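Just below is one structure, and these are the notes that go with it.
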Amino acid sequence: MLYRNILITAISLAFAITLTGCGSQKGKTIFTASPNSGTVVGVAPDSGTYLLFTSLSPNPIMTIHLNQGDKLGFQKAADGRIEAVYLDKTYDLNKDTAQAYWKLQE
């Protein structure tokens with residue numbers, strides 16, 4: 001019985017964590033990265049407000065305005081962390097970040 005309760009709790013927790021990922025955050029996902037991703041840098045497809053999210057936060061950790069064609073994406077830092085890339089700048093994400101998303105606000 002105890003094993004069953006632990007298993008149900010673990011499955012419920014995994015499901016809740018999955019729900020807080022990319023799909024629950026508003027906006028159109030433009031780029032996604034994880035620690036296993038390589039460099040994924042491109043350009044902003046449209047002018048507008050871009051939001052940087054991590055999988056553990058329903059709120060953006062950064063909000064910026066970009067013009068169509070501005071540099072945007074992710075790269076891997078020398079220590080393995082994810083770095084968000086925008087314009088000629090980078091933003092270092094926490095070493096425990098499992099996934100990060102750039103989204104265009106709709």
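The values are calculated or read from the model by the stated rules, or taken from the named source; none is laboratory data. The structure presented is a predicted model; accordingly, all values stated were derived computationally and were not measured. Reconstructed Cβ throughout: ideal geometry from the backbone, glycine too, with neighbour counts over all protein chains shown.
Can you name every residue in segment 57-72 that is over 10 Å from the mean Cα position of the chain (by Cα) and surrounded by 15 or more Cβ atoms within 10 Å (Cβ to Cβ)?
Of everything in segment 57-72, those that are over 10 Å from the mean Cα position of the chain (by Cα) and surrounded by 15 or more Cβ atoms within 10 Å (Cβ to Cβ) turn out to be Ile64, Leu66, Asp70, Leu72.
Of all residues being aliphatic (A, V, I, L, M) and part of a loop (DSSP other than H, G, I, E, B) in segment 73-94, which is surrounded by the fewest Cβ atoms within 10 Å (Cβ to Cβ)? Just the residue, please.
Ala78
Go through the residues of segment 95-104 one by one and say whether even a single one is without any contact (Cβ under 8 Å) to a residue 60 or more places away in the chain and either within 16 Å of the chain's Cα centre (by Cα) or surrounded by fewer than 16 Cβ atoms within 10 Å (Cβ to Cβ) (or both).
For segment 95-104, residues without any contact (Cβ under 8 Å) to a residue 60 or more places away in the chain and either within 16 Å of the chain's Cα centre (by Cα) or surrounded by fewer than 16 Cβ atoms within 10 Å (Cβ to Cβ) (or both): present.
Among the residues that make up segment 57-74, is at least one of them in contact with a helix residue (DSSP H, G or I) (Cβ under 8 Å, 6 or more places away or on another chain), at pLDDT below 95 and of a type outside the set (S, T, N, Q)?
For segment 57-74, residues in contact with a helix residue (DSSP H, G or I) (Cβ under 8 Å, 6 or more places away or on another chain), at pLDDT below 95 and of a type outside the set (S, T, N, Q): present.
Using beta carbons and a limit of 6 Å, which pairs, at least six apart or on different chains, have the first residue in segment 83-94 and touching a residue at least 12 places away in the same chain (Cβ under 8 Å) and the second one of a type in the set (Lys, Arg) and part of a strand (DSSP E or B)?
Leu87/Lys71
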